């Protein structure tokens, strides 16, 4: 949308939605549940992207409920926006310690900032680090590796079909 002003075209100024306001809405909506915010982004053109997860997983109804809650508390007459609420995908990197806890016993693919890659079973985690067990072979014994979250570029659950 543009408007004419003295023979020149100027884009309408869009008011960007207040990120703190949206975060407060999400926090209030998820409080007391096993659901939690993984990531939220608002683009300059007011597209809101919300990724949630839960200690027991997320389903489509959880996403719909949060989406409706957010929409009901934002005023479309004041702020035009697009809203996308989704679960943190099965192939998405784990971003917070709370997500690791849910996947104890599953295989992880770990990439460090040093460029090294590992794959092993997640055996333990806390708020600072996590541990994987790399299966041994006939020539190489099993190995237990502990990583600080800050040293990991990406950790993903290995999907097996």
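For residue 102, the conditions (1) more than 23 Å from residue 27 (Cβ to Cβ); (2) assigned by TED's automatic domain parsing to the domain that holds residue 125 are fulfilled apart from (1). Taking (1) over 21 Å from the mean Cα position of the chain (by Cα); (2) in the same structural domain as residue 42 (by TED's automatic domain parsing) in turn, residue 120 satisfies each apart from (2).
For residue 7, work out the one condition from (1) over 25 Å from residue 154 (Cβ atoms); (2) modelled with pLDDT of 95 or more; (3) surrounded by fewer than 16 Cβ atoms within 10 Å (Cβ to Cβ) it doesn't fulfil. Against the list (1) over 25 Å from residue 154 (Cβ atoms); (2) modelled with pLDDT of 95 or more; (3) surrounded by fewer than 16 Cβ atoms within 10 Å (Cβ to Cβ), residue 7 comes up short only on (2).
Could you list all residues from the stretch 76-95 that are assigned to a loop (DSSP other than H, G, I, E, B), in contact with a strand residue (DSSP E or B) (Cβ under 9 Å, 6 or more places away or on another chain) and without any contact (Cβ under 8 Å) to a residue 60 or more places away in the chain?
Residues of the stretch 76-95 that are assigned to a loop (DSSP other than H, G, I, E, B), as a first pass: 76-81, 88-95.
Applying the additional criterion that residues be in contact with a strand residue (DSSP E or B) (Cβ under 9 Å, 6 or more places away or on another chain) yields 81, 88-95.
88, 89, 95, listed by residue number.
Summed over the stretch 54-71, residues that are under 16 Å from residue 25 (Cα atoms) and touching a helix residue (DSSP H, G or I) at 6+ places or on another chain (Cβ under 9 Å) total 4. Criterion applied to 26, 60, 17 was being at negative phi, touching a strand residue (DSSP E or B) at 6+ places or on another chain (Cβ under 7 Å) and at pLDDT 90 or above, and the one residue passing it is 26.
The values are calculated or read from the model by the stated rules, or taken from the named source; none is laboratory data. Since the model is a prediction, treat every value here as computed from it, not as a measurement. In this analysis, Cβ positions are derived from the backbone assuming ideal geometry, glycine residues included, and neighbour counts consider all displayed protein chains.
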